[in-house]
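J.: I have a structure here, written as structure tokens, and I will follow up with some questions on it.
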Amino acid sequence: MPTHYPPIVNEITNLTDVFNDELDTNGGHYNGSYVSPEAYGEYNFCNMPHVRKLEYLVPESGFKLQYVEVIHRHHKRTPYQDNTFPEEDTELSCSTVRNMYYSNVLTRGNENVNVGWSNYQDPVNPFAFELPGFNGTCQFPQISDGGLNDSYYHGVDLYANYHTNLNFLPEKYNSSLVQFYVTSNVITSQVAGALIAGMFPLESNENIDVNMQRAISDSLEPKYECDGADATKASIYLEQGWLDHLSDSKFLFEELDLISGVSNTSLSWHTSWDHYFDNLAHRTCHNMALPCSLKSDECISEIQANQVFRLGDFEYNYLYRQSLNSTLYSVARYGVFLMELQQHLKDAKDGSSTIKYRHNIAHDGSISPLLGALQIEYMRWPGMGAEVVFELWQKPTDETSYVRVLYGGQPLKTSGPLGTIDMVPYEEFNDYLESLVGDGNVVALCAN
């Protein structure tokens, strides 16, 4: 069983602070992708900080970079259909974006046309304008044009650091050295197209294969069946700390339900703040007005939206860090990825693999249990583009290896035995992973 080390006490671990409107922990962190240079490193849900050349801390001389593995959440998008209100007061257009979907027969060469999805609503279709949610030309979800722009510059920044700054990445894409991974959710492939173009500008007729596991056993999203994780999450939802925050926020549910048209009997909207959070954060990240009722002049206020955002932070901290069962849940939910990471680091250390850079594009449901398993000391909802980087360094003089983990471009601070994961001896880091996933522990946890 993994040992749980609680997070530090902060403004989202205490419900009194979470419900204090005057304690605005969010500030301007939900109002767009732009971050001023002097604000680099600050939490911004719309475009989280990532590795950049200007702020990157190069280890002292005498260390050689051996391997890098990046995992980050996709960039900003439309909400999921389930997170839209029964009737929305805004029409969304995605006509500036074309999503590509087509197949090649590899044994016959390139005989296809490049098919792009052009979304539309046919006025003859009697159901097209009666569906719940937004009207317009967007899919729900899809990466927005702003999210694609963020994805591209994320790639530019990574290349500037790991190629230009460190001379680690090759100048041109080489599949024997660099590999990209996505989930079966199309939004991660949408991000990959923009991000890879930022890292390795290609000729118009070049293609790059990204790796994707079968959806039913995918460890990146993750999608593999794990009854133990599901049971642990269900038990956390019954803990008093979780029940208290829902009870204390009942008044806010009632206010927002009247404006949004969401039924107060909908369990999916009222067992957590996930749905309201996603809907409102989509609006503020894309500089849209907060929604108004279609039956009255009443609108959701900025104070109410900020309260939702604080509650979202509370929930992610509670589920993945604060609950005594949170580490158990995180390891069961994301243990397979940790097993794969452990093997990748070992292969790089031993020189048994040519791959020197792996890049995974995933979801908040990927980053959160990863941070939970590593036992980050201060947990907030991982925003759009939230990035964790694993670096393996070697000291050639004695051939010892060290691991550094970066979150938001800075060494990850944990409350566990690894402390700040900044040039931690490889054996220490590997032993920690082994304590979580060794001896078939993940399979055993999932079978419970």
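J.: Can Ile71 be described as surrounded by 13 or more Cβ atoms within 10 Å (Cβ to Cβ), hydrophobic (A, V, I, L, M, F, W, C), in contact with a Leu (Cβ under 8 Å, 6 or more places away or on another chain) and at pLDDT 90 or above?
T.: Against the criterion (surrounded by 13 or more Cβ atoms within 10 Å (Cβ to Cβ), hydrophobic (A, V, I, L, M, F, W, C), in contact with a Leu (Cβ under 8 Å, 6 or more places away or on another chain) and at pLDDT 90 or above), Ile71 qualifies.
J.: If you don't mind, there's one more thing I want to ask. Which residues, counting only those in the stretch 196-252, are among the β-branched types (Val, Ile, Thr) and over 21 Å from Ser330 (Cα atoms)?
T.: Result: Ile196, Ile208, Val210.
J.: What pairs come out if I take residues in the stretch 412-436 that are without any contact (Cβ under 8 Å) to a residue 40 or more places away in the chain and closer than 21 Å to Pro382 by Cβ and pair them with residues that are part of a loop (DSSP other than H, G, I, E, B) and of a type in the set (Ser, Thr, Tyr) whose C-beta lies under 9 Å away, six or more apart or interchain?
T.: Lys413/Tyr378
J.: Follow-up question, since we're still on this one. From the list Leu195, Leu202, which residue is over 17 Å from Phe337 (Cα atoms), assigned to a helix (DSSP H, G or I) and among the aliphatic types (A, V, I, L, M)?
T.: Leu195
J.: From the list Leu412, Leu392, Leu406, Leu345, which residue is at pLDDT 95 or above, in contact with a strand residue (DSSP E or B) (Cβ under 6 Å, 6 or more places away or on another chain) and within 21 Å of Ser33 (Cα to Cα)?
T.: Leu406
J.: Name the residue that is surrounded by the fewest Cβ atoms within 10 Å (Cβ to Cβ), counting only residues in the stretch 83-111 that are in contact with a helix residue (DSSP H, G or I) (Cβ under 7 Å, 6 or more places away or on another chain) and not in a loop (DSSP other than H, G, I, E, B).
T.: Asn99
J.: Among the residues of the stretch 262-282, write down those that are touching a Pro at 6+ places or on another chain (Cβ under 9 Å) and either at pLDDT below 95 or of a type in the set (Asp, Glu) (or both).
T.: Asp278
J.: Quickly run through the stretch 392-417 and pick out the residues that are in a strand (DSSP E or B) and of a type in the set (Ser, Thr, Tyr).
T.: Thr400, Ser401, Tyr402, Tyr407, Thr414
J.: If a residue must be buried (at least 21 other Cβ atoms within 10 Å of the Cβ) and either modelled with pLDDT under 95 or over 22 Å from the mean Cα position of the chain (by Cα) (or both), how many such residues does the stretch 419-436 contain?
T.: 2
J.: If you go through the stretch 284-324 one residue at a time, how many are more than 30 Å from Tyr5 (Cα to Cα), assigned to a helix (DSSP H, G or I) and in contact (Cβ under 8 Å) with a residue 40 or more places away in the chain?
T.: Counting residues in the stretch 284-324 that are more than 30 Å from Tyr5 (Cα to Cα), assigned to a helix (DSSP H, G or I) and in contact (Cβ under 8 Å) with a residue 40 or more places away in the chain gives 5.
J.: Identify, please: which residue in the stretch 38-63 is over 24 Å from Leu169 (Cβ atoms) and of a type outside the set (D, E, K, R) and is, among those, modelled with the lowest pLDDT?
T.: The selected residue is Ala39.
J.: If you don't mind, there's one more thing I want to ask. Can you go through Ile376, Ile361, Ile355 and tell me which one is of a type in the set (A, V, I, L, M) and surrounded by fewer than 19 Cβ atoms within 10 Å (Cβ to Cβ)?
T.: Sole residue among the options that is of a type in the set (A, V, I, L, M) and surrounded by fewer than 19 Cβ atoms within 10 Å (Cβ to Cβ): Ile355.
J.: Considering the stretch 261-301 alone, what residues qualify as being surrounded by 19 or more Cβ atoms within 10 Å (Cβ to Cβ) and touching a strand residue (DSSP E or B) at 6+ places or on another chain (Cβ under 8 Å)?
T.: Selection gives His282, Pro291, Ile300.
J.: Restricting to the stretch 237-283, name every residue that is among the acidic types (Asp, Glu) and in a helix (DSSP H, G or I).
T.: Asp244, Asp248, Glu254, Glu255, Asp257, Asp274, Asp278
J.: Which numbered condition trips up Asn112, out of (1) free of Cβ contacts under 8 Å to residues at least 60 places away in the same chain; (2) polar (S, T, N, Q); (3) closer than 11 Å to Leu92 by Cβ?
T.: It is condition (3) that Asn112 fails.
J.: Right, Glu60: surrounded by fewer than 16 Cβ atoms within 10 Å (Cβ to Cβ) and in a loop (DSSP other than H, G, I, E, B) or not?
T.: Here the answer is yes, as Glu60 does meet what is asked.
J.: Only one of (1) within 17 Å of Thr78 (Cβ to Cβ); (2) without any contact (Cβ under 8 Å) to a residue 40 or more places away in the chain; (3) not in a loop (DSSP other than H, G, I, E, B) is not met by Ser151, so which one is it?
T.: Unmet condition: (2).
J.: On the given criteria, is Lys223 within 22 Å of Asp274 (Cα to Cα) and not in a helix (DSSP H, G or I)?
T.: Yes, satisfied.
J.: Name the single residue that is surrounded by the fewest Cβ atoms within 10 Å (Cβ to Cβ) among those in the stretch 182-216 being hydroxyl-bearing (Ser, Thr, Tyr) and at pLDDT 95 or above.
T.: Taking the candidates together, the pick is Ser184.
J.: Something else: Identify, from the list Phe140, Phe180, the residue that is in a loop (DSSP other than H, G, I, E, B) and aromatic (Phe, Trp, Tyr).
T.: Phe140 is the lone residue from the list that is in a loop (DSSP other than H, G, I, E, B) and aromatic (Phe, Trp, Tyr).
The values are calculated or read from the model by the stated rules, or taken from the named source; none is laboratory data. Since we're looking at a predicted model, the values are computed, not measured. Note that each Cβ is placed from the backbone with ideal geometry, even for glycine, and that neighbours are counted across all protein chains shown.
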